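Undergrad: Would you mind keeping the following structure in view while I ask a few things?
The values are calculated or read from the model by the stated rules, or taken from the named source; none is laboratory data. These numbers were taken from a predicted model, which means no experiment stands behind them. Remember, those area values only see protein heavy atoms, side chains included, never the ligands or the DNA or RNA. Shrake-Rupley method; radii C 1.70, N 1.55, O 1.52, S 1.80 Å.
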Amino acid sequence: MTDAKAGSGNEKLVVEIVGAHNLMPKDGEGSSSPFVEVEFENQRLRTQVKTKDLNPIWNEKLVFHVIDVNDLRYKNLEISVFNEKRSSNSRNFLGKVRVPGSSVGREGESVVQLYTLEKRSLFSHVRGEISVKHYVTTTADNAENLRRVNGSGGPKKSKKVQNLSTSMSIQQQQQQISLHDNNRGSQQQNQQNGLGQRMLPFYPNLGEIKPLVITALPGPMPGPGPGLRPGPLAYSNGSSEFSLKETKPCLGGSSSGVGGLTNHRDKTSSTYDLVEQMQYLYVRIVKAKDLSVSGDVVSEVKVGNYRGVTKKVSLNSNNPEWNQVFAFSKDTIQSSVAEIFVKEGNKDEYSGRVWFDLSEIPTRVPPDSQLAPQWYKIESRNGGRGSGELMASLWFGTQADEAFAEAWHSKAGNVHIEGLSSIKSKVYLSPKLWYLRVSVIEAQDVSVMDKGSGLMRFPELTAKLQVGNQILRTAISPASPTRSFSNPYWNEDLMFVVAEPFEDYITAIVEDRVCGGAMGGQNDVGVGRVQIPVAAVERRTGDKPVGSRWFSLDNGNNNSNSRFGSRIHLRLSLDGGYHVLDEATMYCSDVRPTAKELWKPQVGLLEIGILGATGLMPMKVRAGNCGGTTDSYCVAKYGPKWIRTRTVVDSLCPKWNEQYTWEVNDPCTVVTVGVFDNARIDGNNNNSRDARIGKVRIRLSTLETERVYTHSYPLIVLHATGVKKTGELHLAVRLSCGNAVNMLQMYSLPLLPKMHYTQPFGVHMLERLRYQTLNAVAARLSRAEPPLGREVVEYMLDHDFHVWSMRRSKANFFRLVNVISGLVAVAKLVEVMRSWTKPICSTVFVVVFLFMVLFPELILSCLFLYAAAVGVWRFRRRPRHPPHMDARLSHAETVFPDELDEEFDTFPTSRGFEVVRMRYDRVRSIAGRIQTVVGDMASQGERAQALLSWRDPRATFLFLVFCLLAAVGFYVVPVKLTVAVSGLYYLRPPRFRRKLPSRGLSFFRRLPSRADSLL
């Protein structure tokens, strides 16, 4: 909102309530009768009631008096939606929205905003959106739809509104009534003059989205033309921006068919059938001879406006050699000839050239062998025969050519020569990782450090083990009456992560804390150490224990005449029966154990064609490009295999069209594809971090075999300012199955290897080992060429998924609610049958119940038959698309700014004292409610235990008498009769019930719990 001038007293705040969408049914019949109530500065107005409408349209204006416009930015606008219950003259809460006054604009500047309805408390059941427009004006036009809470439009006054009897509120109501009458008179006059217009329903802008959702906004949707009846009203909350879209690319050189595939393919489609063919002109410059130049020599390839320059080669024997390949996109070639110039390194003028007619260049199709280079005479500058010859070869090919990966691409002409290596496509392999188990058992004859006094002290001995940069310590050896001070005993298992080839050493140090203080501090003095190479450790594939060994400790004493030496007892093993987790368990792409002899045969083949991306967000600003640009590349990870596509320079809509293949050993795994911006292209930014653009996860078990999925996946990234759509990634995915029986058998096997269940790790240990695994993988991949940065590895492996997030907690809570919603629906159905509001249905329900009681052997058969029928019925509506990142499920669209700031805060926190105190109080409030619920559940369990504990002797006596009578009764009366009578008693009509709780429930509630003993 722009700064307003001093208010004149005539300003009005107009709130247009356009409509709502997908409201929660609250009338017990699957619908609601909603109305909106708006409160501003003790003024409360409301709209009309829309009977039984979950998608109501009001198009009403509520006008409020503004005392001082300058204070508007410090006030809030409360918008609440209620369901009117005409039977009891009450209302149900459907949701609310709080709009800050700073977001209110002037008339003509504001647009319709779509807000998600929020809960009033943690346990409120709310859903839906409301469309509102608000602005400040000096003349309240079109206020004919004005409704007041205590006016004629409302069914009943509320208590709070009846108490608003101040002079201010009366004056405001009089002003509103006068505005209402004046506008009605003026509108009637306009209609008589033929100037009146019918108020049409508002069509919301499809591009308008909720707060904190930052994305590209398309243009407004055109409304109905004059004289046309408006169509149905469709609200959009921005989720369409994050939806999955099916595409129809031309894959493998075909022109039609499902997913772009047909039976008519060329040779290239045999291996590159999941990408679009891209034609390139390849120019290979091998070497030259008999040149009449001195100094360094370079060759330059020119095709139209594109030029590629080879590296400088010193002319030793007049025969320089380059052996470089250049690739020019055929779509961008604007010339009919290709020229190769030979130059001296420090001169701009060429000494000779060779040119080729593009129409005579052959086309090569793999698997044909590479075109043999030939010698060509070099022409001089005047067109005559020059001195020397150049060996080169030119051909047209596709990205399936072997030279494609190593070629210099024409679109990378502006890349610094030192950054050329960082734009090429590569395949990486994660190191083979092992869990190293070190069992520290005991030590003997340890030389205890003395404080320098004659007093005897108990040594505080610990064992510290270091492998690479991983350091772990045992606890302090406890005192034992059967062991001396110099023979400490620990018997602890310490776990490390090591990578092949094994170059590290295990360093075991026995330390004594001589002056107190924290463990691992400066007061710890080493009294003995030993180094063991990891390569010498025994490997095991099962849970069978390995033998332990004694290792002599070096205490730094060079006296070789000592009769006794310190030693330590260790059990070392490389556990190959585990899978070293480098990803979160829910996103695992490989679950095979480390030991290769335990691997099972592959069950399928995964093929991914990375086609391209559209609408990427500019990540940098480069000279000559004011709008920003992106140098993007893709990284895909499945199992130990990482792939990196080439970097497409200066493009917001890059096309990669690269295809990769992985072996699938388990269908219940996930492949991750991420998009990044290359920050190392300029050559002088070696320490720069590649910026993340977004990523996509695809679970293989959701894919049908032998089907090609061609979709555009939204790239969604959560920032501290909100959720952003940074572009769309176009992929073609196919899962092939070699043996369907083997794949189906995998569903009956454990997800993780056997040792994860026979010798499981704790949650904290798994997190620590996963962090060490991430460090090992990032260190190995960062040493490759081009390097895969640590920031890329962390983003692909979801290293921060366990950090506290209020948004993620809400998402998980509502996921749980959705899971138990089926049980809740069954309970509601039984309650409806009990209420006998539909006598026919209740009668049928009772008959079915009696039938099941008489024939109990049919219960399980009917349940399984019903489940099978539901599954067959839902087959028609099965998901046709793979799952993708869901912003609504993640609660990323409705998150509050403070919650996002807390989620992106560092650990430990870097925020101020007031912010931390506010967040702490919020967590205390939530924890207090959880504490109350847990306490109530514990009380119910303790009451059940009190039935036989004789804590309340009279209650226990009554329960024992009941048990004896029930034992006799159930022995005499048949079980079927007992169940039938109990069921009929429970399903009896309401007229035969009383509203008081049953005697059994009253007896249970009177039982004592241990809550009385709590402080």
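Undergrad: If the cut-off is a Cα-Cα distance under 20 Å, which aspartates and glutamates reach K85, setting aside same-chain residues fewer than 8 apart in sequence?
TA: By straight Cα distance, K85 reaches D27, E29, E37, D53.
Undergrad: Can you pick out the pairs among K26/K133; K119/K995; K620/K695 whose Cα atoms lie more than 22 Å from each other? Intermediate values should be presented prior to the final figure.
TA: On the way: K26/K133 26 Å; K119/K995 31 Å; K620/K695 19 Å.
Violating the 22 Å Cα-Cα cut-off are K26/K133; K119/K995.
Undergrad: Averaged per residue, what accessible surface does segment 867-1015 expose to a 1.4 Å probe, in Å²?
TA: Accessible area per residue: 78 Å².
Undergrad: What is the distance in Å between the Cα centres of segment 873-893 and segment 764-797?
TA: Cα centroid of segment 873-893 versus Cα centroid of segment 764-797: 31 Å apart.
Undergrad: Then there's this: Using a Cα-Cα cut-off of under 16 Å, which aspartates and glutamates could be cross-linked to K600, ignoring same-chain neighbours fewer than 8 residues away?
TA: D590, E663, D666
Undergrad: With a 1.4 Å probe and every protein chain kept in, tell me what percent of the accessible surface of segment 667-776 is carbon plus sulfur.
TA: Values: 2470 of 4590 Å².
Reported share for carbon and sulfur atoms: 54 percent.
Undergrad: So how do R364, R994, R680 rank on accessible area, 1.4 Å probe, biggest first, that is with the largest at the start?
TA: On the way: R364 20, R994 135, R680 45 Å².
Listed by decreasing accessible area, they come as R994, R680, R364.
Undergrad: If I ignore ligands, DNA and RNA and count only protein heavy atoms, how much of M852 is accessible to a 1.4 Å probe, in Å² to the nearest 10?
TA: 50
Undergrad: Using the Karplus equation 6.51 cos²θ - 1.76 cosθ + 1.60 (θ = phi - 60°), what ³J(HN,Hα) coupling, rounded to whole Hz, does each residue of segment 739-753 give in order, writing x for Gly and Pro?
TA: Per-residue couplings from phi come out as 9, 5, 5, 5, 5, 5, 5, 4, 6, 9, 9, x, 5, 9, x Hz.
Undergrad: Another question about this same structure. Rounded if a/c is under 1.5, else prolate if a/b beats b/c, else oblate: with a ≥ b ≥ c from the C-alpha gyration tensor eigenvalues square-rooted, which is segment 857-956?
TA: On the way: a/c = 4.96, a/b = 1.09, b/c = 4.56.
Judged from the Cα gyration tensor, segment 857-956 comes out oblate (a/c at least 1.5, b/c at or above a/b).
Undergrad: While we're here: Once neighbouring chains are kept in place and the probe is 1.4 Å, which whole percent of the accessible area of segment 834-987 is contributed by carbon and sulfur? Let's see the in-between values first.
TA: Details: 8470 of 11510 Å².
Whole-percent figure for carbon plus sulfur exposure: 74.
Undergrad: Taking a 1.4 Å probe, which of F992, F328 shows the most accessible area, and what order do the others take after it?
TA: Values: F992 135, F328 5 Å².
Descending order: F992, F328.
Undergrad: Round to a whole number: what % of the accessible area of segment 34-135 belongs to carbon and sulfur, probe 1.4 Å?
TA: Result for segment 34-135: 43 percent of the exposed heavy-atom area is carbon or sulfur.
Undergrad: Amide H of G604: which non-local residues (sequence gap of 5 or more, or other chain) have their own amide H closer than 5 Å, using H built in the peptide plane?
TA: Here the answer is V664, G738, since their amide H atoms fall under 5 Å of that of G604.
Undergrad: Oh, and also: Provide the per-residue ³J(HN,Hα) series for segment 726-735, in order, calculated from phi with Karplus coefficients 6.51, -1.76, 1.60 and θ = phi - 60°, each as a whole number of Hz, with x at glycine and proline positions.
TA: Karplus values, whole Hz, x for Gly and Pro: 9, x, 10, 10, 9, 10, 10, 10, 9, 10.
Undergrad: Using amide H atoms built in the peptide plane, which far-off residues or other-chain residues are under 5 Å from S124 H to H?
TA: Sorted by chain and number, the residues that satisfy this come to none at all.
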